[in-house]
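Below: the structure, in structure tokens.
The values are calculated or read from the model by the stated rules, or taken from the named source; none is laboratory data. Keep in mind that what you see is a predicted model, and the values were worked out from it rather than measured. Please note: Cβ atoms are built from the backbone with ideal geometry, for glycine as well, and neighbour counts cover all protein chains shown. Ligands, DNA and RNA are stripped out before the accessible areas are found, and what is left, the full protein with its side chains, is counted by its heavy atoms. Shrake-Rupley method; radii C 1.70, N 1.55, O 1.52, S 1.80 Å.
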Amino acid sequence: MNNQVTDQAANPITNQNTVRMSKKERVWAAIRHMESDRVPKGELYIQPQIANKLLGADYPTDHQHFERDKKVRELLHMDLVNVGDWPEWEIGQTDDGKKVLQSVYGQTFLAGEESKCLLKPPVDIEDAGEYQEPDIARVTGELVEKYAKETDFFVFAQVGGPISMLNEMYPMEDYMVNCITYPEETHILTEKVIAFEIKKAKLFLDKGADAILIADDMAFNTGVFLPPYVMEENVYPFYKQMIREIKAYKNIPVFLHSDGNLNSVMDDLVECGFDGIQSLQPSAGMDIRRIKDKYGERLCLWGNIDLDYIMCFGTVEEVQADVRKTIEAASPGGGFILSTCNTMVDIIPPENILAMIREADIQSGDDQGS
């Protein structure tokens, strides 16, 4: 790493003066469980409408837009960006003019303004052996490369995991039934999809990504939605494979994203070899102080600011108090990145987002941000 020293900042945790760090250095310090000049900040995703409100601008509302997403993160003194590449293309239209799209994974869906409606899975589960691995040639990694070359953010590149990618290929109920009634066929599909995700991760690393984030939602607020034996047969082995092959290609951090209540599987996730975990949803029972005490030496913790009430419906004062409490619990000794427990959604009042960021800077002794 190249040190970019601009001045000295007081670290309220150590009560010592620390050298001002670059964004990348700050995130690396958290991943390595080291003290930094301030708690690093960065969202998994910032929805387009709230980004435009914060910026007072009218950027396009594409899922990813470089200039919009770069500027809003700079405004909010963020240290990282998370970016991905999900190729899809139009294959037709409905009678009322709605687009019918196909994804690189093979499923077709109806495109709405805010969501997608699955029309047809890529293959009947009984015919899993006929499924063709997605075409890596359709993935460019151009946006990852643009962030790596044109910004000073720490760049996470997102790929999918063995749960979410198959869950998106079928209706959720069908996916869960398939895991139980067609375990061999589900395993065959997962092998082909994960081979593609590993190729995608390697491409992103070639384009300059600093770390890989495996996004794989696996839990409701009450717990993991797959039985333990399914996790042991069709999930954990693929996590281990992904982490092993990615790190063999380039020894970089690999994080997991999943919201929901993960308490029953935390030991298993640590054993898989993840370097960090993003979400830590407090309303789902993910107590940041307890998790820090139990896993803080092995995992970099990222997230935890409540979305169910605090950010979306709380007062500015409640937001500030929640940020103070979270930093106090999770930041000592490093190993913590501040963010909401999922993404910055459109219904959050802009003043609550600004209060969250401002309070984090104040708690880190950095009134100016950087």
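Tell me the residue from GLY296, GLY285, GLY303 that is within 23 Å of PRO227 (Cα to Cα) and at pLDDT 95 or above, please.
Numbers: GLY296 fails: within 23 Å of PRO227 (Cα to Cα); GLY303 fails: within 23 Å of PRO227 (Cα to Cα).
So the residue among GLY296, GLY285, GLY303 that is within 23 Å of PRO227 (Cα to Cα) and at pLDDT 95 or above is GLY285.
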Filter region 170-186 for residues that are out of contact with any strand residue (DSSP E or B) (no Cβ under 8 Å at 6 or more places or on another chain) and part of a loop (DSSP other than H, G, I, E, B) and give the result.
-> TYR182
Looking at (1) modelled with pLDDT of 95 or more; (2) over 30 Å from ASP267 (Cβ atoms), which is the one condition that is false for SER370?
-> (1)
Members of region 147-170 found to be open to solvent by 50 Å² or more (accessible area, probe 1.4 Å) and within 22 Å of HIS257 (Cβ to Cβ), listed by number = GLU168
Listed by first then second residue, the pairs whose first member lies in region 182-211 and is within 18 Å of LYS247 (Cβ to Cβ), whose partner is of a type in the set (Lys, Arg), with beta carbons under 8 Å and at least 6 positions apart or on separate chains, are LYS202/LYS250; LEU205/LYS250; GLY208/LYS149; ASP210/LYS24
Taking strands (runs of 3 or more DSSP E) that do not extend beyond region 83-146, which have at least 3 residues that are open to solvent by 60 Å² or more (accessible area, probe 1.4 Å) and either of a type in the set (D, E, K, R) or in contact with a helix residue (DSSP H, G or I) (Cβ under 9 Å, 6 or more places away or on another chain) (or both)?
-> 88-93
Those residues that are of a type in the set (A, V, I, L, M, F, W, C), closer than 28 Å to GLU351 by Cβ and surrounded by fewer than 22 Cβ atoms within 10 Å (Cβ to Cβ), I need them from region 20-51; list them, please.
-> ILE50
Single match in GLU185, GLU173 (criterion: surrounded by fewer than 16 Cβ atoms within 10 Å (Cβ to Cβ) and either of a type outside the set (Lys, Arg) or within 22 Å of the chain's Cα centre (by Cα) (or both)) | GLU173
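Could you tell me whether GLY56 is free of Cβ contacts under 8 Å to residues at least 24 places away in the same chain and either at positive phi or buried (at least 18 other Cβ atoms within 10 Å of the Cβ) (or both)? Please lay out each step first, then the result.
Numbers: free of Cβ contacts under 8 Å to residues at least 24 places away in the same chain: yes; either at positive phi or buried (at least 18 other Cβ atoms within 10 Å of the Cβ) (or both): yes.
Criteria met by GLY56.
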Scan region 207-225 for residues that are out of contact with any strand residue (DSSP E or B) (no Cβ under 9 Å at 6 or more places or on another chain) and either open to solvent by less than 20 Å² (accessible area, probe 1.4 Å) or polar (S, T, N, Q) (or both) and report the count.
-> 3
For region 244-264, the count of residues that are over 23 Å from PHE204 (Cα atoms) and open to solvent by less than 10 Å² (accessible area, probe 1.4 Å) equals 2
So which residues in region 146-169 are in contact with a strand residue (DSSP E or B) (Cβ under 7 Å, 6 or more places away or on another chain) and within 23 Å of CYS272 (Cα to Cα)?
-> VAL155, PHE156, ALA157, GLN158, VAL159, GLY160, GLY161, SER164
Among the residues of region 266-276, which ones are under 16 Å from ALA215 (Cα atoms) and either crowded, with 21+ Cβ neighbours inside 10 Å or not β-branched (Val, Ile, Thr) (or both)?
-> MET266, LEU269, CYS272, GLY273, PHE274, ASP275, GLY276
Would you tally the residues in region 297-343 being open to solvent by less than 50 Å² (accessible area, probe 1.4 Å) and among the acidic types (Asp, Glu)?
-> 2
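Tell me which residues, restricted to region 92-125, are farther than 24 Å from HIS187 by Cα and charged (D, E, K, R).
Across region 92-125, the qualifying residues are ASP95, ASP96, LYS98, LYS99, GLU113, GLU114, LYS116.
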Which condition number does GLU297 fail, the rest of (1) assigned to a strand (DSSP E or B); (2) touching a residue at least 40 places away in the same chain (Cβ under 8 Å); (3) of a type outside the set (S, T, N, Q) being met?
-> (1)
Subset of region 104-128 (residues that are of a type in the set (D, E, K, R) and at pLDDT below 95) = GLU113, GLU114, LYS116
Does any residue in region 63-81 that is over 11 Å from ILE46 (Cβ atoms) come within less than 7 Å, Cβ to Cβ, of a residue that is open to solvent by 30 Å² or more (accessible area, probe 1.4 Å) and of a type in the set (A, V, I, L, M, F, W, C) six or more places away or on a different chain, and which pairs are these?
-> PHE66/LEU143
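Could you list, in sequence order, all residues of region 332-357 that are part of a helix (DSSP H, G or I) and closer than 29 Å to ARG298 by Cα?
The first filter runs over region 332-357 and keeps only residues part of a helix (DSSP H, G or I), leaving 350-357.
The answer is MET356, ILE357.
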Considering each of VAL235, VAL193 in turn, give the residue that is among the β-branched types (Val, Ile, Thr) and in contact with a strand residue (DSSP E or B) (Cβ under 8 Å, 6 or more places away or on another chain).
-> VAL193
